[in-house]
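These notes concern the structure reproduced below.
Nothing in this text is a laboratory measurement; each read-out follows from the coordinates by a stated rule. A quick note: this is a predicted structure, and the numbers were derived from the prediction, not measured. Cβ: placed from backbone, ideal geometry, glycine included. Neighbour counts: every protein chain shown.
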2 protein chains.
Amino acid sequence: MARAATTSDAFNAIAEPQRREILVLLQGGERSVTDLARDLGMTQPQASKHLRVLREVGLVRVRGAGKQRLYGLDVRGLRPIHEWVGGFERFWSESFDRLDEYVQELKQARQEGPHDGDDQ
Amino acid sequence: MARAATTSDAFNAIAEPQRREILVLLQGGERSVTDLARDLGMTQPQASKHLRVLREVGLVRVRGAGKQRLYGLDVRGLRPIHEWVGGFERFWSESFDRLDEYVQELKQARQEGPHDGDDQ
DNA sequence: TTGACACATTCCGATATAGGCATATAATGT
DNA sequence: ACATTATATGCCTATATCGGAATGTGTCAA
């Protein structure tokens, strides 16, 4: 088998950096395809394809406005990701604590004076 | 071009559901490869490959223990994801935002003393 | 050394991607 | 009807994936 489709999941959809940039830009409000393509330095077909993926996973919605198509955020699709990552929140503080411990150890080592073989 | 490597990014690494399951399981503490494979219903080589990806992006660390290799979480790699998704928090739910605003208004109103027309 | 166990790595095949480019569709104005 | 603008889609190639099976590497014990 190959990798799961980019359209199978919000996780897969946002794995692509340009699609994340699109979503960030859309935080400022609805945008047309050409606008997005220009501001992100990509071609119009690229933007259209990325937007198609984002739409298929429900991260953006479209609205016809004359000959333009305005894309806007539909952030509900990001909730699964936020919830999944949020399940690890309590471990971050632990690693921060460990970072603190490490810093303390460094300070202490510096006070005790340099040893041989301390680097690498 | 093809899709970005799964090892290029934490975003790409966790796009795979089985790798997310591994990380969730590791919340309970260090685990051996065979343990993970058995509990997640995958073969040992599959587990090894997924763990390699997770290790290359810095989401897990290994520790040799006899003939076993114990894998443990290194959640610092998840921070970029949490921060990115967190940037959308205020868009998730208008009702949540309004609830927050409402709470803020309540606090402020309590300090200033009750007025007419503070709601809506 | 041999055997047993835990784990990593390889080769294979099928599949889906992202980019580039051309072209099709759609809506508007004249 | 036609031209113009905005967007979508199709074709192509190179590449990286995941799964499966086999095999390689490493560690311990007798």
Inter-copy distances for A:SER32, label 7 Å out on the Cα-Cβ vector, sorted ascending, nm, one decimal, are 6.3
Quick check: Cα centre of the range B:16-52 to Cα centre of the range B:53-75, how many Å?
11
Can you give the FRET efficiency to the nearest 0.05 for B:ARG55 and A:ALA4, using r as the Cβ-Cβ distance and R₀ = 22 Å?
0.60
Per-residue mean of C-beta atoms belonging to partner chains within 10 Å, peptide B:72-82
5
Quick one: B:ILE81, B:ILE22, fewest Cβ neighbours within 10 Å first, how do they rank?
B:ILE81, B:ILE22
Among A:GLY41, A:GLN18, A:GLY64 the positive-end extreme of the charge dipole of the range A:13-82 (Cβ point charges):
A:GLY64
Sequence-distant residues sharing a close amide H with A:ARG69 (under 5 Å, placed H):
A:VAL33
Stokes-Einstein diffusion coefficient of the range A:1-83, Kirkwood radius over Cα pairs, 10 °C, 1.306 mPa s, in µm²/s
124
In the range A:1-85, which chymotrypsin sites (Phe, Trp or Tyr not before Pro) are in a loop and have at most 10 other Cβ atoms within 10 Å, using DSSP for the loop call?
none
In the range B:1-73, the trypsin sites (Lys or Arg not before Pro) that sit in a DSSP loop and have at most 12 other Cβ atoms within 10 Å of their own Cβ are B:LYS67
